[in-house]
Amino acid sequence: QAKKAGRNRHVVYQVELENEAKNRLVIQNALKKALHADQLSLYYQPQLTADGQMFGAEALLRWHDPELGFVSPAEFIPIAEESGLIHALGDWVLQEALAQLKGWLAKGLPFAGHLSINVSPWQFALPNFVEHLESMIRIGDVDPAIITLELTETGILVDVEDTIKKFKRLRSLGIQIAMDDFGTGYSSLAYLRDLPIDILKIDKAFIDELQNSDSSPLTESMIAIGRNMDLHVVAEGVEYDRQAIRLKKLGCTIYQGYLFAKPMSVYDFEQWLAARR
Ligand code: C2E
Ligand code: MG
Ligand code: MG
Ligand code: MG
């Protein structure tokens, strides 16, 4: 009896695995098509200072598939990374973001601050990453000093020596570097001292704590680390007044979240920019 139940459970597990694998394959193929059929888009979410000035905006990938519906980047980015599609996808994101930025400036829209672009560790790990990026920015005809790259801890600590070299070259081009999702990776603080970065983005999970609990020692300490190191500290996922008020008290001066603005389509973002004139 027990043996039979065990076998059944094994069968159920096997079926789940197969479904999961099939699902990944479906997404992988559909994503490849979407990339070539121009079915992807970028949304833009403003990052604002405490007095409402624009610090910048983050480009966020969106995909609506005719059959699968809306698929979250949190789901499809890992699949793109596994299949190698991330390189073509990352190039598309960069080209698209640069073209939009150039358009906004040409139209005289008051885009201020930095355009922040997420970079996958797989892109960053390529030996010619910096040269490739530099040539794309040159072709896009945009001032590199307007660009910020968002990288996660996990991605940049694989080969710290290589990361430091690349960061130095990026910064010599005027590009800023943001550590994304700070606090969620498995890493030691020691590397912070050695890595030339400009911006610390505190992950939403820690911003949530400011709403859910009166005591949030980790969030407070992370903000203090950023401030003491003279970095810009950006709070991710600010949804409530209480969070914004507490953040301001703690000296965190840049906010990104639904409380201020959601990620917007190009059309909506242009309206948003125009309304600030
Ligand atoms: P991320 O880089 O940490 O981006 C911030 C995420 O928080 C975005 O989710 C954004 O929509 C969401 N967010 C911002 N404010 C709020 C808020 O107030 N409340 C809530 N609940 N969420 C908020 P999104 O757009 O779903 O992207 C998820 C992740 O997918 C990103 O996390 C990033 O890691 C990845 N991603 C998105 N676009 C790209 C891309 O172009 N390239 C790469 N490599 N990864 C990307
Ligand atoms: Mg990001
Ligand atoms: Mg983030
Ligand atoms: Mg995050």
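Derivation of every value follows stated rules applied to the coordinates shown; laboratory data play no part. The structure displayed is predicted, hence computed values, not measured ones. Cβ atoms come from the backbone with ideal geometry, glycine included; neighbour counts cover every protein chain shown.
Observations
- The simple Förster model, with R0 at 30 Å and r as the Cβ-Cβ distance, assigns L105 and R169 a FRET efficiency of 0.75.
- Listed peptides 72-82, 43-53 by packing density, highest first (mean Cβ within 10 Å): 43-53, 72-82
- Above-threshold pairs, the threshold being 30 Å between Cα atoms, out of K165/K201; K107/K204; K32/K107; K22/K166: K107/K204; K32/K107; K22/K166
- Taking every alpha-carbon pair in region 63-132 and binning the separations at 10 Å intervals from zero gives 17, 40, 31, 13, 0 percent.
- Inter-probe distance in nm under a simple model that places probes 7 Å from Cα toward Cβ, at R276 and D143: 1.5 nm
- For the chain, the membrane-span-like helix rule (DSSP H, alpha carbon extent of at least 20 Å along the helix axis, mean Kyte-Doolittle at least -0.5) picks out 86-106; this says nothing about an actual membrane.
- Span from the region 105-144 Cα centroid across to the region 251-277 one, whole angstrom: 20 Å
- Partner aspartates and glutamates for K249 [C-alpha distance under 12 Å; skip if fewer than 8 residues away on the same chain]: E220
- When only alpha carbons of region 1-103 are considered, Rg and Dmax amount to 19.7, 69 Å.
- Built amide H within the under 5 Å cut-off of T253, gap 5+: V233
- Put a plus charge on the Cβ of each Lys and Arg, a minus charge on the Cβ of each Asp and Glu, and nothing anywhere else: the dipole of the chain about its Cα centre is then about 220 debye.
- Dipole-positive endmost among F167, N19, Q39 within the chain (Cβ charges, Cα centre): N19
- The aspartates and glutamates within cross-link reach of K168, meaning a Cα-to-Cα straight distance under 19 Å and a gap of 8 or more places when in the same chain, are E131, E134, D143, E150, E153, D159, D180, D194, D198, D230.
- Cα-only Debye scattering, region 136-277: base-10 log of I(q)/I(0) at q = 0.16, 0.18, 0.20 Å⁻¹: -0.95, -1.12, -1.25
- In nm, spacing of pseudo-spin labels at M136 and A205 (7 Å Cα→C-beta vector): 2.8 nm
- Dividing the convex hull volume of the alpha carbon atoms of the chain by its residue count gives 172 Å³ per residue.
- Here the simple spin-label model places points 7 Å from the Cα toward Cβ, and for T49 and I245 these points are separated by 2.4 nm.
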